[in-house]
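The values are calculated or read from the model by the stated rules, or taken from the named source; none is laboratory data. This is a predicted model, so every value here is computed, not measured. Counting neighbours? That spans all protein chains shown, and the Cβs are built from the backbone with ideal geometry, glycine included.
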Amino acid sequence: MSNRKYILKPGVHQFAPGSHPVHHNENTTDEEIEWYLKLYPHIRHLLRSQPEQAKPNKRPRIAKAIKVTSEIIQQINEDLSATN
């Protein structure tokens, strides 16, 4: 169980509305929980450890900001050179 992607909070849980609470860590697999999450995303709050969500990479935005800033500085320097 230590290599599991999804860990349920302690207790027995009901995934599907109207069903009996029968799900716990010993009788569910990651694949089964993923299947239920697709159908019933509201059960995410029953998970103690949630998988790391892929965080958007901010580096391209930083690189773009640096490039734009460099272009602006270059344009300012060219404008200053033209006025002197």
Report the residue count in segment 2-32 for those that are at positive phi and in a helix (DSSP H, G or I).
0
Candidates Pro60, Pro41, Pro56 - the one that is modelled with pLDDT of 85 or more and surrounded by fewer than 10 Cβ atoms within 10 Å (Cβ to Cβ)
Pro41
If a residue must be without any contact (Cβ under 8 Å) to a residue 40 or more places away in the chain and in a loop (DSSP other than H, G, I, E, B), how many such residues does segment 33-50 contain?
1
